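The values are calculated or read from the model by the stated rules, or taken from the named source; none is laboratory data. None of these values were measured; they are calculated from a predicted model. Neighbour counts are summed over all protein chains in view; Cβ atoms, including those assigned to glycine, are modelled from backbone coordinates with ideal geometry. The area values use the complete protein model at the heavy-atom level, side chains included, leaving out ligands, DNA and RNA. Shrake-Rupley method; radii C 1.70, N 1.55, O 1.52, S 1.80 Å.
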Amino acid sequence: MASLSFFIPALGKEPESIEDKIQLAEELKATDFNRFNELLKQVEDSSVNLTAEQHEQFRFLDAYRLAYSGSQTQAVANLTELVKVAKSEKVQFKSLSVLLNILIISRDYSEVFQYLEQYDQMQKNITDKDLRQHALGILALVFNQTSQFDIGYFYANKLSSDAVDGKYACFGMQFKLESLHRLKKYDEFDQEFDAGVATCEAAKQPIYSKIIQSYRVERLLEVDPNQAISLLNSLYQDVEQTSYNVLITLYKTLYSIAYLRNEQLDVAKEYGLSATKNIKEDDINYAILLLYSTLYEIEKANGNFEKALTYHEVLVSKQKAYDDEKAAGLLAYNIAKANVEVKNQRIALLDKDNELLSLQKDLYEKEARQNRLLVLILGAILLLATVLAYRGLTGRSRFKKIAEYDQLTGISNRYHFNNQAKIALDYCETNAKPVALILFDLDYFKDINDTHGHAVGDWALRAVVKTCRNFMRNNDVFGRIGGEEFAVVLPGCQTDKAVLLAEICRDAIAGIDTTESGKHFSLSASFGVSGSDNSGYQLKQLLADADSAMYSAKAAGRNQVATFSE
Ligand SMILES: Nc1nc2c(ncn2[C@@H]2O[C@H](COP(=O)(O)OP(=O)(O)OP(=O)(O)O)[C@@H](O)[C@H]2O)c(=O)[nH]1
């Protein structure tokens with residue numbers, strides 16, 4: 001009773017002062033949008049009387065209104081401006097929170113990461129508990145979504161310690177369990193699991209509770225598919241009731257994997273196909289990637305290779321788009337960090353410069369000149385880094401091309417390929433992940449040069465790279481390691497998947513329309529595939545084995561794929 005009467009005046013009585021109207025609008029913005037809108041209109045009508053501080057608060061609420069009534073572009077513009085110019089740190093922070101929300105939903109990670117460093121610094125000074133916890137949640141979410149689970153865990157853990165119960169405690173537990181699951185830290189995962197589910201149930205967050213439980217299903221799939229199915233059965237009705245498509249797709253996919261592991265291919269396929277129904281063409285998320293990889297496995301097990309190839313193609317293109325989004329984001333983040341570092345170095349150098357000048361002017365004049373030169377150079381680097389940040393990936397690759405990329409085709413040269421490949425192989429070995437290597441060499445390339453000239457040969461090399469690149473994920477290391485010889489290292493990829501990818505590339509090369517070059521000729525390549533299962537993790541061995549397989553492909557008539565086997 002007491003709590004009911006507590007609310008009555010707030011609902012019934014019209015706030016009179018502008019200050020109260022702004023206050024109430026702020027409180028109602030997430031729960032009663034119509035009332036919020038009405039109050040905002042009243043504030044707007046009396047906008048001439050607003051103090052500077054109130055005007056700033058109004059601008060934030062107005063941007064919020066735009067964001068949640070569909071005018072995203074205008075909202076982003078207004079919020080970006082407020083983040084830059086707001087005098088109140090709180091308004092600045094709230095604007096950045098809403099801005100990040102919008103950018104995350106539209107998966108614009110290159111923008112998200114530009115702000116993350118600033119956001120992290122700001123949240124440390126925020127005393128409002130809700131705002132701070134919201135920020136920790138965003139930070140954990142972004143790092144988990146970009147597969148940086150160590151950092152995601154750091155923020156999720158902070159959030160869990162900060163929020164004892166309620167929705168933020170639940171979000172904290174979900175992000176924490178997600179990172180523990182993906183990092184395979186199962187001991188801690190098992191310790192926290194029950195508390196995670198209970199916190200989310202108590203906070204009435206069924207979606208988050210079911211996400212947490214999906215991690216346990218995923219683990220069971222590896223060891224006991226039947227038990228995974230039982231667990232899915234006990235959860236699925238509640239999952240459907242959430243009507244949340246991403247979750248439903250995930251659960252149907254988990255069913256599909258469980259039946260695939262049980263070798264019940266028909267049921268597995270039924271679940272997989274039903275999961276595809278909720279997906280829109282440009283949707284990309286973890287569940288969707290898992291789904292297409294499962295459908296590919298099912299069709300492969302069915303011996304239906306054409307369908308398997310189609311699913312694999314969808315998987316590769318979605319995976320590439322997914323990785324590209326993340327890569328663009330991480331690049332922006334690193335450049336933003338590098339900018340801060342260059343700035344700090346510049347300040348340190350300037351300080352030193354002044355000190356030296358005042359102490360021993362004559363003696364150090366020469367050195368000071370050098371320092372100034374360094375400052376100029378750093379300034380130029382800063383400028384360049386900023387320009388590159390705006391130009392994104394293309395700008396960056398142009399910059400790096402000088403040392404690491406092949407001038408003709410734009411992919412890694414042999415030197416860079418070797419370095420990158422070794423990093424990837426080390427990573428896979430340390431994390432017990434499979435890795436495969438594809439080597440390919442164009443067929444009768446000398447004849448193409450001899451018959452049509454070197455320029456046409458060059459065109460063919462570029463066309464081949466352009467074609468094959470379409471099928472590669474962002475993590476794959478693709479390099480030109482000889483005149484007409486190329487290699488691809490595929491981290492996390494089993495040999496059979498690499499063979500399929502090699503097939504796709506072979507087919508695509510054979511299908512290149514060469515008339516664009518001004519001549520008409522046929523192009524093909526021979527492929528050799530090796531994998532860590534047979535060749536281990538040493539680049540030298542993987543290359544030697546792929547080379548021996550490629551030699552067999554050449555000997556068997558060219559334009560084909562051969563796999564190395566012991
Ligand atoms: N246009 C062009 N040709 C190149 C380049 N680098 C190497 N080549 C040529 O690639 C050809 C390679 O010929 P070979 O090694 O005999 O092999 P192939 O004719 O492809 O025959 P197989 O590999 O046995 O099918 C040589 O003619 C090289 O001059 C380049 O950058 N541009």
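So, counting K/R as plus one and D/E as minus one, what does the shell of residues with Cβ under 12 Å around Gly166 add up to?
Net charge in that neighbourhood comes out at 0.
Which percent of Cα pairs goes in each bin when the distances of region 472-566 are cut into 10 angstrom slices starting at zero?
16, 48, 28, 7, 1
When the C-alpha atoms of region 405-563 are aligned to their principal axes, what extent does each axis show, in angstrom, from largest down?
Its Cα atoms span 49, 32, 22 Å along the three principal axes.
Residue-wise, which Karplus ³J(HN,Hα) couplings in Hz belong to region 249-262, taking 6.51 cos²θ - 1.76 cosθ + 1.60, θ = phi - 60°, and x for glycine or proline?
4, 4, 5, 5, 5, 5, 4, 4, 5, 4, 6, 4, 4, 7
Which three lengths, in whole Å and largest first, does region 417-475 cover when its Cα atoms are put on their principal axes?
Taking max minus min along each principal axis of the Cα atoms, region 417-475 gives 49, 19, 17 Å.
Could you please put Asp120, Asp20 in sequence from largest to smallest accessible area, using a 1.4 Å probe?
Listed by decreasing accessible area, they come as Asp20, Asp120.
Which of the residue pairs Lys185/Lys318; Lys90/Lys204; Lys158/Lys318; Lys176/Lys252; Lys21/Lys167 have a Cα-Cα distance greater than 31 Å in the structure shown?
Lys158/Lys318
Please give me the summed charge of the neighbours of Val456: other residues whose Cβ is under 15 Å from its Cβ, Lys and Arg +1, Asp and Glu -1.
Around Val456, the charge tally is -3.
Given R₀ = 22 Å, FRET efficiency for Asn49-Gln23 by Cβ-Cβ distance, to 0.05?
After rounding to 0.05, the efficiency reads 0.90.
Could you pull out the GluC sites (Glu not before Pro) across region 219-265 that fall in loop regions by DSSP (anything but H, G, I, E, B) with no more than 12 other Cβ atoms inside 10 Å?
For GluC sites (Glu not before Pro) across region 219-265 that sit outside H, G, I, E and B with at most 12 neighbouring Cβ atoms in 10 Å, the list reads Glu263.
What's the Cα-based Rg to Rh of region 55-182, Rh via Kirkwood?
0.97
In region 448-498, how does Rg compare with the Kirkwood Rh, expressed as the Rg/Rh ratio over alpha carbon atoms?
Taking Rh as the inverse mean 1/r over Cα pairs, Rg/Rh reads 1.08.
Provide the descending list of Cα extents for region 217-302 along its principal axes, expressed in whole angstroms.
30, 29, 20
With N residues in region 142-222, what two-decimal value do you get for its Cα radius of gyration over 2.2 N^0.38 Å?
Relative to the rule-of-thumb radius for its length, region 142-222 sits at 0.98.
I'd like to check one number: the per residue accessible area of region 405-563, probe 1.4 Å, reported in Å² as a whole number.
Counting only protein heavy atoms, the per-residue value for region 405-563 is 45 Å².
Note the full-extension length gain between Ser161 and Ser552 as 0.36 nm times their separation in residues minus their Cα-Cα distance, in nm to one decimal.
Once the chain is fully extended between Ser161 and Ser552, it gains 134.8 nm.
If you look for lysine pairs in region 405-563 that are eight or more places apart or on different chains, how many of them have Cα atoms under 15 Å apart?
So the count of such lysine pairs works out to 4.
Mind giving me the FRET efficiency for Ser69 and Tyr236? R0 is 41 Å, r the Cβ-Cβ distance, nearest 0.05 is fine.
0.70
Scan around Ser412 for amide H atoms under 5 Å from its own, H built in the peptide plane at 1.01 Å from N, and keep only partners 5 or more places away or cross-chain.
Asp406, Phe478, Arg480
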